[in-house]
């Protein structure tokens, strides 16, 4: 069976010799200290940066063969900072689909529903939103493009417990319904990593130090660095 | 006619400079040397330009005007390009933009018979257009560095949603051009109400009736407005491309870290 994403010996300015492959229907946790290369890896996956060496394949096809706009709509990124555009929530939600004329007025209400925000928020200006609300709008904005793969960079860091549960539930649904084929999820919350990803990758200093099944590597870490990280 | 300002009166102007120097000394502003140097430099520059203009006005119009316009555009280019250090071809691009805008405005003036092709008309009016273009370009470049630095995450968000560099930059281009034009827009709103503009003041002092003087002022004010907006727009549309590569990726520019 062809892997969904296959990262083959990739090196970049901040990453060294990354090997990683995931199958369809997998959520991958990316854990590790700040500056370890997790966000840089996400940037490579939708070509916001390109590797200096190595290659990334999507279902066996080099991602460099896929038209850029299409690739980035297909592999959606949600950044650590919400980075919302000026204007209303609706302006943000329709940004991606409008680029290809795919925006329909009913989409806004559906997207807000998916992140448990009231529909009255559509016309709200982004300056009026709390940190957690901004993060949820940024998540909904990425969903608006109907991505096949999601790259999530600490998307629940500003949310309260109830909203974290809601987003996690939504992520599960997206995977189970096969609307999304796979996810890479950067998190600093080890308990979230245990709940979410079946596969966990521990990165430090731009390298993959350890990777494997989440249960296995989080309960029986092999390397000193991961043991140390889990203690902290 | 206004009375001539004698050399003795000019010399007495030194008292005008002594006031800010004294204030700087009393309040320990540390500006005394700077005020003295700027005043001296300004006076020397103006005296030299007075003699230079007298010489240029005596030459055939094509030669006198060409020399002075070339000097003005070159000096403006060097000054404005300081704000764009780090960008490739910055001087060449700014030179072409300032010269192009000046030629367009000059063509309009001459084409619509607003002024004559005479050094004493073309040079002072062109100076105002070129000077304001230079300031607008400097503002646009400064603002661009600021916006691309501060708005980096938003640009990345737009690119990650499938936007091309042009589409992603639209978020910032409006703000950059607006910032470069605001001083002129504000100036036009209060023109004549708060202070009489320089050209009109000069003409009135020279004995031209106010109703006649405003005609020139309207021409120059609207010309400046046009040149400022065109300069800011051209510079922004040309330079934003240097923040991206052909793979629709934001490139790391050293100067954005510094701003």
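Side notes on the structure shown:
- Per-region count, the range A:156-171, residues in contact with a helix residue (DSSP H, G or I) (Cβ under 8 Å, 6 or more places away or on another chain), more than 22 Å from residue A:232 (Cβ to Cβ) and surrounded by 13 or more Cβ atoms within 10 Å (Cβ to Cβ): 6
- Scanning the range A:67-84 for residues that are surrounded by fewer than 21 Cβ atoms within 10 Å (Cβ to Cβ) and touching a residue at least 40 places away in the same chain (Cβ under 8 Å) returns A:74, A:80, A:83.
- Among residues of the range A:193-210, those that are assigned to a strand (DSSP E or B) and farther than 11 Å from residue A:32 by Cα, counted: 1
- Residue A:132 being away from every other protein chain (no Cβ under 14 Å), touching a helix residue (DSSP H, G or I) at 6+ places or on another chain (Cβ under 9 Å) and in contact (Cβ under 8 Å) with a residue 12 or more places away in the chain: yes
- Meets criteria (within 14 Å of another protein chain (Cβ to nearest Cβ) and either crowded, with 20+ Cβ neighbours inside 10 Å or farther than 25 Å from residue A:87 by Cα (or both)) for residue B:243: yes
- Of the residues making up the range B:130-148, those that are over 19 Å from residue B:102 (Cβ atoms) and away from chain A (no Cβ under 14 Å) are B:142, B:143, B:144, B:145, B:146.
- Test result for residue B:164, within 13 Å of chain A (Cβ to nearest Cβ) and touching a residue at least 24 places away in the same chain (Cβ under 8 Å): yes
- Residues that are surrounded by fewer than 12 Cβ atoms within 10 Å (Cβ to Cβ) and assigned by TED's automatic domain parsing to the domain that holds residue B:201 do not occur anywhere in the range B:25-48.
- Conditions (1) facing another protein chain (nearest Cβ under 10 Å); (2) surrounded by fewer than 20 Cβ atoms within 10 Å (Cβ to Cβ); (3) more than 24 Å from residue A:178 (Cβ to Cβ); number of the one not met by residue A:92: (2)
- Exclusive hit being modelled with pLDDT of 95 or more and in a helix (DSSP H, G or I), set A:141, A:162: A:141
- Residue A:75 being under 19 Å from residue A:150 (Cα atoms) and at the interface with chain B (Cβ under 9 Å from one of its Cβ atoms): yes
- Going through (1) more than 25 Å from residue A:104 (Cβ to Cβ); (2) in contact with a helix residue (DSSP H, G or I) (Cβ under 7 Å, 6 or more places away or on another chain) one by one, residue A:189 falls short only on (2).
- Per-region count, the range A:32-66, residues assigned to a loop (DSSP other than H, G, I, E, B), surrounded by 19 or more Cβ atoms within 10 Å (Cβ to Cβ) and touching a strand residue (DSSP E or B) at 6+ places or on another chain (Cβ under 6 Å): 5
- Scan of the range A:174-189 for residues that are under 11 Å from residue A:31 (Cβ atoms) and surrounded by 15 or more Cβ atoms within 10 Å (Cβ to Cβ), ordered by number: A:185, A:186, A:187, A:189
- Qualifying residue in the range B:195-203 (condition: more than 14 Å from chain A (Cβ to nearest Cβ), over 21 Å from the mean Cα position of the chain (by Cα) and without any contact (Cβ under 8 Å) to a residue 24 or more places away in the chain): yes
- Residue match in the range A:14-29 (condition: within 23 Å of residue A:186 (Cβ to Cβ), assigned to a loop (DSSP other than H, G, I, E, B) and within 14 Å of chain B (Cβ to nearest Cβ)): yes
The values are calculated or read from the model by the stated rules, or taken from the named source; none is laboratory data. None of these values were measured; they are calculated from a predicted model. Every residue, glycine among them, receives a Cβ derived from its backbone with ideal geometry; neighbour counts consider all protein chains shown.
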